[in-house]
């Protein structure tokens with residue numbers, strides 16, 4: 001890499017790879033949102049992809065239970081943080 005353009009291009013490739021890895025690890029029940037995220041233009045950042053998936057996960061949870069619930073991953077991270085304080 002010799003200039004800022006090369007660095008930006010490399011970072012963009014890394015960001016895109018991270019989004020693909022994240023989407024590949026999703027449950028099958030989130031297949032539709034996976035497809036929707038991949039069709040976004042311009043290609044989303046990791047944060048944008050996560051936000052889309054998170055919104056859909058919450059929407060599905062509300063539709064199933066009728067109330068908003070906190071996913072296990074969030075509960076686990078909260079528990080870990082609380083345990084350290």
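The values are calculated or read from the model by the stated rules, or taken from the named source; none is laboratory data. Owing to the predicted nature of the structure, the values given are computational and were not obtained by experimental measurement. Glycine gets a Cβ as well: all are built from the backbone with ideal geometry, and neighbour counts include every protein chain shown.
Points worth noting:
- Set 77, 12: member being in a helix (DSSP H, G or I) and at pLDDT below 80: 77
- The residue that is modelled with the highest pLDDT, counting only those in region 45-74 that are over 10 Å from the mean Cα position of the chain (by Cα) and not in a helix (DSSP H, G or I), is 66.
- If only residues of region 22-31 that are assigned to a helix (DSSP H, G or I) and touching a residue at least 12 places away in the same chain (Cβ under 8 Å) are counted, the one that is farthest from the chain's Cα centre (by Cα) is 29.
- Odd one out for residue 37 among (1) under 13 Å from the mean Cα position of the chain (by Cα); (2) outside any helix (DSSP H, G or I): (2)
- Close pairs from region 54-74: first within 18 Å of residue 31 (Cα to Cα), partner at pLDDT 85 or above and surrounded by 10 or more Cβ atoms within 10 Å (Cβ to Cβ), Cβ under 6 Å, at least 6 apart: 56/33
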